[in-house]
Amino acid sequence: FQRTIPTGNWMYPVIDTPLPAGFSALTVPATALQFSPEEVASQRSGWISQWQRAVSR
């Protein structure tokens, strides 16, 4: 399952697994963000609004 995540969801898998060749050209994020369920609940609306503004430019 983890091997399908990179090409199906366009994100890095959570465990160490071989990646398709195209991934070698990408920049690997230095930090992976993790949020508690409470923080997601309190920030969700603002995050969605910010994302909508960014993609609608």
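What number of residues within segment 19-57 satisfy the criterion of being farther than 19 Å from Gln2 by Cα and surrounded by 10 or more Cβ atoms within 10 Å (Cβ to Cβ)?
The number of residues fulfilling the criteria is 12.
Filtering the chain down to residues that are aromatic (Phe, Trp, Tyr) and in contact with a helix residue (DSSP H, G or I) (Cβ under 9 Å, 6 or more places away or on another chain), which residue is modelled with the lowest pLDDT?
Tyr12
So, Gln34, is that one assigned to a helix (DSSP H, G or I), free of Cβ contacts under 8 Å to residues at least 60 places away in the same chain and at negative phi or not?
So Gln34 does not fit the description; no.
Any idea which of (1) assigned to a helix (DSSP H, G or I); (2) loosely packed, with under 10 Cβ neighbours inside 10 Å is the one Arg3 doesn't satisfy?
(2)
The values are calculated or read from the model by the stated rules, or taken from the named source; none is laboratory data. Remember, predicted model here, so these are calculated numbers, not experimental data. Reconstructed Cβ throughout: ideal geometry from the backbone, glycine too, with neighbour counts over all protein chains shown.
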